[in-house]
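The values are calculated or read from the model by the stated rules, or taken from the named source; none is laboratory data. The structure displayed is predicted, hence computed values, not measured ones. Positions of Cβ are backbone-derived with ideal geometry, glycine not excepted, and every protein chain shown enters the neighbour counts. Keep in mind that these areas ignore ligands, DNA and RNA; they rest on the heavy atoms of the full protein, side chains included. Shrake-Rupley method; radii C 1.70, N 1.55, O 1.52, S 1.80 Å.
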Amino acid sequence: MWVALRSKHQCLYGNGPFGFYAASLPTAGDEACEISLTIRTVNYTVDYPIRPHVQMPMLVRFFQDKQGLSPYQVEVGSLANYMRSTWITQALADPCLLHATLFSAAVQLDALAGAEQPSYATLYHQFNAVRLIRSRLAMAGLDRPDDSTIASVLLLAIHSSLQFEQDSVEVHRQGLIQLIAARGGLDKLGFDGFLARIIQGSLSFLIIAYDQPEPFPIPEQEAPLGPHTFIWLVLNDSNKSPNEQIRHLLLNLFQDVQQLVREVCTERELWPHAPSNSCINALLEGLSSRPDPASLEQVSELSKRELALLRACSISGRILTYVLDDRLPWSEQQLDRLLEELEVAIDTTDRGTWLKHSPGANVWVAVMGAAMCRDTNGRASFMLKENCVVSSIKGTESSHYVASRFCYRWLKERRLARSRIIEI
């Protein structure tokens, strides 16, 4: 059995320091009352109390806020609208999906709190989700998984990554791929097509954070997408900003980014017979020398968070020129300094500002940061800054995520190509 639960006497996720045992966990019938559970770790034993009537509504609300963007206005028919409404309705009617949903909320709260150990709520809902998945697969078999079971495995796969338990993530990821294959592919999944879109976005996070290959062919998209395809989506989002100043600055920046990427890709295809490209040099110099947005006269009325958004996008352009300009000396330390600047700028923004002015630009800066990182923690940290904001737009989030994966690989290849020149 591929689910990360071996036997009732063996440790769940036992490779990590916080293993817990099925023999010590309550049954589903215990949910209606206050529970005290003994969690056995490597070094000590401690009791964790839980009051479901208090914690469960809070976790549901957090899930709606985080995944459904409930504090913000979103388009009807968007993934965020589905996650805040229909998904929760389905979860409340399905114990397995409910536990997986509450686990995803609890583990995100652990991550936001900087917890060194998973909370009791995280462990409790994680265990019960795994237990119910096992039970369903034992009864129905791997050849007949329903949508709720697949959705539950998805939540375990994506949010176990926040515990940085890569072995557990891989077990669930492989199980998810098997279940999707058993159903005949992503386009055969239900939930009105939203389950396939959620999987595309979630697997994009895992593929980038853990630097993994594509798990299966992308429906209706056999050929790899060029990086300029993703930038076109960013431009399209930026053009919808209601603020004329921000819209003008974003379009000006990303039009130059798109042209630069197109020119570089074309030159690479012609290499080594391509002549020196003065257009590339001009674009590189223009992007690298852009002033800080806060110094521009026309932005005097913008908020600090809007200025931080513009600054993050501007820094992403400088990072792009640094990895594409072969005339510059390469330094990992310089790249790290640029990444620190990018991280500070992103952290000064908020998801509402990105959602209002350019959800695609939020994905772009997150992917840029991840592509420049050399370790899993750094990549995951930048991808978490993406904030799910593209899910606010009807029918677009899967295309953003698919295109972002190809753009990530292209950016990473450019970084590695530059660093290898120095190593040689």
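Just one of (1) within 30 Å of residue 178 (Cβ to Cβ); (2) open to solvent by less than 30 Å² (accessible area, probe 1.4 Å); (3) modelled with pLDDT under 90 fails for residue 21. It is (2). Candidates in the stretch 303-320 are the residues that are under 14 Å from residue 250 (Cα atoms) and aliphatic (A, V, I, L, M); of these, the one that is most open to solvent (accessible area, probe 1.4 Å) is 307.
Please tell me if residue 394 is open to solvent by 40 Å² or more (accessible area, probe 1.4 Å), touching an Asp or Glu at 6+ places or on another chain (Cβ under 7 Å) and on the phi < 0 side of the Ramachandran plot. Answer is yes for this residue. Going by the conditions given, is residue 60 over 17 Å from the mean Cα position of the chain (by Cα), surrounded by fewer than 23 Cβ atoms within 10 Å (Cβ to Cβ) and assigned to a loop (DSSP other than H, G, I, E, B)? For residue 60, the condition - over 17 Å from the mean Cα position of the chain (by Cα), surrounded by fewer than 23 Cβ atoms within 10 Å (Cβ to Cβ) and assigned to a loop (DSSP other than H, G, I, E, B) - is not met.
Yes/no per residue for (1) among the charged types (D, E, K, R); (2) loosely packed, with under 15 Cβ neighbours inside 10 Å; (3) in the same structural domain as residue 411 (by the TED database):
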position	(1), (2), (3)
231	no, no, yes
234	no, no, yes
237	yes, no, yes
244	yes, yes, yes
247	yes, no, yes
251	no, no, yes
258	no, no, yes
